[in-house]
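Worksheet: the structure to be examined is printed underneath.
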There are 2 protein chains.
Amino acid sequence: MSQQPRVSFTPISQLGEFKLIEHLTAAFPTLHPSSLKLVGDDCAHMAFGPGHHPVVSTDMFVQGVHFDLDYFPLQHLGHKVVVAAISDVFAMNARPSHILVSLAISSHFSVEMLELFYEGIASACSEYQIDLAGGDTTTIQRGFVINVTAMGSADPNQMAYRSGAKENDLICVTGDLGAAYLGLQLLEREKKVFRANPHAQPELREENHYLYQRFLRPDCRDDVWKFLSDRQIKPTSMIDISDGLSSELIHLGQQSKVGIRIYEDKVPIHPAAVEVAKEFHLEPLTCALNGGEDYELLFTIAQADYPTVAANRDVSVIGHVTAAAGRYELVSNGGNTYPLVAQGWQAFRNEET
Amino acid sequence: MSQQPRVSFTPISQLGEFKLIEHLTAAFPTLHPSSLKLVGDDCAHMAFGPGHHPVVSTDMFVQGVHFDLDYFPLQHLGHKVVVAAISDVFAMNARPSHILVSLAISSHFSVEMLELFYEGIASACSEYQIDLAGGDTTTIQRGFVINVTAMGSADPNQMAYRSGAKENDLICVTGDLGAAYLGLQLLEREKKVFRANPHAQPELREENHYLYQRFLRPDCRDDVWKFLSDRQIKPTSMIDISDGLSSELIHLGQQSKVGIRIYEDKVPIHPAAVEVAKEFHLEPLTCALNGGEDYELLFTIAQADYPTVAANRDVSVIGHVTAAAGRYELVSNGGNTYPLVAQGWQAFRNEET
């Protein structure tokens, strides 16, 4: 079931670090006039627009923890790590412009495998207009570890923190939730089938394509950043949904010192996600609340901005902010109120649980 | 010989990622008024001085490749990774101000071990006036991987690239070279002795303290940045020496499209390094040229700046830039000329060599 193409295997030691970096980064164009010096010096040097401040975030991805190369094509992986990293910049209501990529690579990797990985990085950079500004490349005894630092900039008056939500603000979420988690469940099930019978053909059904894509090659919301920016709407608070909606709502509530109330029937879930959740005997809502890796944006707006934001069909208004600091609630379709609990993906969950 | 103190072992899973980060970063003060938002949001947000541009660099450190926890105290490791990262910012003739730290940690690590590591990060941050701006923390099946992103800023007219060296410029190097490499040799020898006889007492001789310190707890050259900046001297080119002098001279020559000539008797080597090199039957000069991990600065200046720079006893003028692009030479004490060869530490050297 390994989806890595069988190509020639050029050991990385044959090139050496400097030539490897040169080889992998040669095809990257410079997209931003602000990029005064990119790969090749001790640092990258950039100039942001007048009155713009830099924002920066960093994310680490570990083989066997964040991705399984048995079913994760390297091109998609390259694309996804960029999307995941720059999603943090969009979540400041800022525009991402640069990434720096560090890799620790074992000798099981070939130059050709890294070429595939960098193809994915390049495609995300092209899609979201990002310059590859630098990085570091080293060996590791086993596995593959990736760190992506994302930078961007914004007028500080337009930036949104997690801490700005106010009573009566409306809670908005982009796209739909839970699909990436269900895509992962499908892939893990296929892997088990394949392990039991290596001659089995993977049953990657067409109607589940959306779920695979949400997990393997997610997008992030440059369109929403542009929509808000074009209409001069400043969210009062914002966060990206990487650990699940519940967990991020609680972060927002905690940092804004407010309460949260959302409504079950407003939480956006894709029909394919509903179907597959049932197949796995899971509640679709639970997948949406706790699934994680959706790379959608969660934000709050003043009520006055409702008509403008409601016109965007990719944004759902799922609830509102209350004055009851520390109270985070879900109102079910039956009218009952349940506390929201952070059960999102936890890197350090106990192995036994 | 393990130098990790025997303390209680609190599993990381007991805290979880968010509480762990909160716990480890709580004691960090905010040093820069430019730090508008640090740890705790999707991104850090900073404002640099008017007319200042950001510079950024990223470095990955892998257990078993860059450090051996058998003899590397975690406090020193935390200190060293910060120094190594911000040294790249000084090498742009810029001032470092922020770091972001990503960690992949196996379950063999305890909260107490990470506390020691963060003590080292905190001490370097305090020494060099750096704000911890963010990071990411995740698990890994085994080992310890660290990524440090360093940011700083400078007036772009004061920045030095690798590419600006001109014919007749003088080649300068800070501090002394080769000592870190010899410190590592001593530590590796002690480790072997200990393995052969676990009851052996480590023979860490006082006179070699300097070499251990250069490897385990190096400094970087904020003093030289300040010296040059106070005197309004702009180096024509600059690079930090992490891979060995030869390798960095060649980088400088290549990117500046010039030739390099340095003189054996001008290369600064500490007396303790000379002694220990002989003990290992190594040429002290070879250690200085190829040892690596010195975190000193290599830069070129216009001849007119010579009197000012020569007054700094921590800077050695070791040669000059020639018009013979691609020719990198060492003139020996005997007057012979040898080509400089990059034999610095190579992350991807073939295992057999």
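The values are calculated or read from the model by the stated rules, or taken from the named source; none is laboratory data. Since the model is a prediction, treat every value here as computed from it, not as a measurement. Virtual Cβ from ideal backbone geometry, glycine too; neighbours counted across all protein chains shown.
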Original post:
In the range A:189-221, which residues are of a type outside the set (S, T, N, Q), in contact (Cβ under 8 Å) with a residue 60 or more places away in the chain and buried (at least 17 other Cβ atoms within 10 Å of the Cβ)?
Top reply: A:GLU190, A:PHE194, A:TYR210, A:LEU211, A:ARG214, A:PHE215, A:LEU216, A:ARG217, A:PRO218, A:ASP219, A:CYS220, A:ARG221
Subject >> Residue count, the range B:87-106 (criterion: touching a helix residue (DSSP H, G or I) at 6+ places or on another chain (Cβ under 7 Å) and either more than 10 Å from chain A (Cβ to nearest Cβ) or outside any helix (DSSP H, G or I) (or both)) >> reply: 6
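Could you say which residue among A:VAL65, A:VAL81 is in a loop (DSSP other than H, G, I, E, B) and either modelled with pLDDT of 90 or more or within 10 Å of chain B (Cβ to nearest Cβ) (or both)? Quick ask: steps written out before the conclusion?
On the way: A:VAL81 fails: in a loop (DSSP other than H, G, I, E, B).
From the options A:VAL65, A:VAL81, the qualifying one is A:VAL65.
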Original post:
Taking the stated definitions as given, is A:LYS266 in contact with a strand residue (DSSP E or B) (Cβ under 6 Å, 6 or more places away or on another chain), at pLDDT 95 or above and over 16 Å from A:ARG221 (Cα atoms)?
Top reply: yes
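Any chance you could count how many residues in the range B:19-44 are assigned to a helix (DSSP H, G or I), surrounded by 18 or more Cβ atoms within 10 Å (Cβ to Cβ) and within 11 Å of chain A (Cβ to nearest Cβ)? If you could, list the steps in order and put the result at the bottom.
So in the range B:19-44, the residues assigned to a helix (DSSP H, G or I) come out as B:19-25.
Now narrow it down to the ones that are surrounded by 18 or more Cβ atoms within 10 Å (Cβ to Cβ): B:20-21, B:24-25.
Subsequent filtering for residues that are within 11 Å of chain A (Cβ to nearest Cβ) retains B:20-21.
Here the count works out to 2.
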Subject >> Output for the range A:13-51, where each listed residue is over 30 Å from A:SER106 (Cα atoms) and over 27 Å from the mean Cα position of the chain (by Cα) >> reply: A:LEU36, A:PRO50, A:GLY51
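Which residues, counting only those in the range B:292-315, are polar (S, T, N, Q) and closer than 16 Å to B:THR236 by Cα? Walk me through it before giving the result.
Of all residues in the range B:292-315, those polar (S, T, N, Q) come to B:300, B:303, B:308, B:312.
The answer is B:THR300, B:GLN303, B:THR308.
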Original post:
Going through the range B:263-302 one residue at a time, which ones are of a type in the set (Val, Ile, Thr) and surrounded by fewer than 22 Cβ atoms within 10 Å (Cβ to Cβ)?
Top reply: B:VAL267, B:ILE269, B:VAL274, B:THR286
Subject >> Only one of A:ILE239, A:ILE233, A:ILE171 that is over 30 Å from A:ILE105 (Cβ atoms), touching a residue at least 40 places away in the same chain (Cβ under 8 Å), away from every other protein chain (no Cβ under 14 Å) and buried (at least 22 other Cβ atoms within 10 Å of the Cβ) >> reply: A:ILE171
**OP:** Please work out which one of (1) modelled with pLDDT of 95 or more; (2) at positive phi; (3) not acidic (Asp, Glu) is the condition A:GLN232 fails and give its number.
**Re:** (1)
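What is the residue count in the range A:68-78 for residues that are away from chain B (no Cβ under 13 Å) and either under 21 Å from B:ILE146 (Cβ atoms) or part of a loop (DSSP other than H, G, I, E, B) (or both)? Outline the logic, then answer.
First, pick out the residues of the range A:68-78 that are away from chain B (no Cβ under 13 Å): A:69-78.
Remaining after also requiring either under 21 Å from B:ILE146 (Cβ atoms) or part of a loop (DSSP other than H, G, I, E, B) (or both): A:69-73.
Qualifying residue count for the region: 5.
Can you tell me which residue is surrounded by the fewest Cβ atoms within 10 Å (Cβ to Cβ) among those in the range B:102-131 that are hydroxyl-bearing (Ser, Thr, Tyr) and over 26 Å from A:GLY143 (Cβ atoms)?
Initial filter on the range B:102-131 (hydroxyl-bearing (Ser, Thr, Tyr)): B:102, B:106-107, B:110, B:118, B:123, B:126, B:128.
Next cut, over 26 Å from A:GLY143 (Cβ atoms) only: B:123, B:126, B:128.
Values: B:SER123: 16, B:SER126: 12, B:TYR128: 21.
If we take residues in the range B:102-131 being hydroxyl-bearing (Ser, Thr, Tyr) and over 26 Å from A:GLY143 (Cβ atoms), then B:SER126 is surrounded by the fewest Cβ atoms within 10 Å (Cβ to Cβ).
Would you check which residues across the range A:90-120 are under 12 Å from B:CYS43 (Cβ atoms) and of a type in the set (D, E, K, R) and list them? First the steps, then the outcome.
We begin by selecting, within the range A:90-120, every residue under 12 Å from B:CYS43 (Cβ atoms); these are A:90-96.
Within the range A:90-120, just A:ARG95 meets the criteria.
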Original post:
What residue, among those in the range B:132-161 that are under 19 Å from B:SER87 (Cα atoms), out of contact with any Lys or Arg (no Cβ under 9 Å at 6 or more places or on another chain) and surrounded by fewer than 23 Cβ atoms within 10 Å (Cβ to Cβ), is nearest to the other protein chains (Cβ to nearest Cβ)?
Top reply: B:PRO156
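Would a scan of the range A:72-80 turn up a residue that is touching an Asp or Glu at 6+ places or on another chain (Cβ under 6 Å) and either closer than 24 Å to A:ILE140 by Cβ or touching a residue at least 60 places away in the same chain (Cβ under 8 Å) (or both)? If you could, list the steps in order and put the result at the bottom.
Here is the first cut: in the range A:72-80, the residues touching an Asp or Glu at 6+ places or on another chain (Cβ under 6 Å) are A:75.
Within this subset, residues satisfying the condition of being either closer than 24 Å to A:ILE140 by Cβ or touching a residue at least 60 places away in the same chain (Cβ under 8 Å) (or both) are A:75.
Looking for residues that are touching an Asp or Glu at 6+ places or on another chain (Cβ under 6 Å) and either closer than 24 Å to A:ILE140 by Cβ or touching a residue at least 60 places away in the same chain (Cβ under 8 Å) (or both), one finds at least one in the range A:72-80, hence yes.
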